[in-house]
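**Student:** Dumping the structure here so I can ask a few things about it.
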């Protein structure tokens with residue numbers, strides 16, 4: 001995550017300063033917009049979806065970023081099929097692929113690597129899949145609050161058998177809820193969020209994210225464009241690249257959250273806006289953009305597979321559709337499938 005001499009103080013001090021704030025940094029599904037998003041509040045009607053804007057003030061607020069090797073620890077909450085887990089595992093494993101087919105997941109991550117901390121260290125290039133934990137018996141129920149999501153993590157790291165490692169330097173704890181689990185604010189344009197755990201609940205300050213499978217609850221909101229909401233008659237859904245509307249929709253939200261966790265793990269590093277309780281982060285600034293020309297109600301130019309499936313990047317063994325993130329060097333949203341790449 002960071003240099004060993006400073007990480008302890010940064011994590012503990014940062015957590016103490018932010019304990020008064022209990023609202024995680026949330027990812028609204030890019031579109032269709034049912035309410036104003038964080039980037040809309042900053043940019044208003046003059047938002048330039050790909051181009052730079054004098055109204056965007058993405059700043060570094062001196063907090064830590066994840067510069068050490070990143071390990072993602074999935075926590076599968078509820079009932080999951082093996083094929084569904086495989087899709088998500090292969091997306092995470094593709095982030096650090098060495099010889100990928102372009103445009104690639106690792107090419108998408110290279111934009112995230114451009115962010116630095118106060119020492120000049122970049123976000124880690126290495127993102128690997130760590131140990132996993134399954135909670136197929138819904139030990140905390142089928143309706144979770146944001147705080148009970150942290151309790152799910154607490155159960156995973158304190159389990160009697162095969163507990164997850166506690167890794168505050170480079171660990172990312174990814175709570176993935178099955179399609180019959182409701183999480184607070186889910187489907188109200190909130191498809192995922194990230195934050196850090198409270199020592200009073202988990203015993204440690206650990207960066208974590210939650211992402212839900214929306215296949216049964218609200219696919220038109222959280223699995224768009226692979227599902228279309230009822231108020232958009234005449235628009236046809238796109239074919240998901242891995243044949244699973246809910247999980248293919250989750251992949252982009254997972255990418256969104258991991259990118260923001262890496263660059264803003266304690267919600268005091270990289271974000272735009274004046275209010276740290278409502279940070280607009282590097283993926284929020286590119287909501288709904290998957291290719292050149294994206295913005296508004298248009299995803300941008302993507303690619304089509306031999307069976308009509310839609311994707312924009314290649315993984316190790318399969319394809320994915322993942323939204324772009326903000327490039328701090330050029331000052332606009334970027335992705336490896338851009339037409340000028």
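**Student:** Could you work out the relative contact order of region 247-316? I mean the mean sequence separation of Cα pairs under 8 Å and 6+ apart, divided by the number of residues, in percent.
**Tutor:** 16 percent
**Student:** If I take every Cα pair under 8 Å that is 6 or more residues apart in region 121-261, average their sequence separation and divide by the length, what percent do I get for the relative contact order?
**Tutor:** In percent, rounded to a whole number, it is 21.
**Student:** Neighbouring Cβ atoms within 10 Å as the yardstick, rank 210, 270, 80 fewest first.
**Tutor:** The order, fewest Cβ neighbours first, is 80, 270, 210.
Values in this text are rule-based calculations from the coordinates and carry no lab data. Please read all numbers here as calculations on a predicted model, not as lab measurements. Note: ideal-geometry Cβ built from the backbone for every residue, glycine included; neighbour counts use all protein chains shown.
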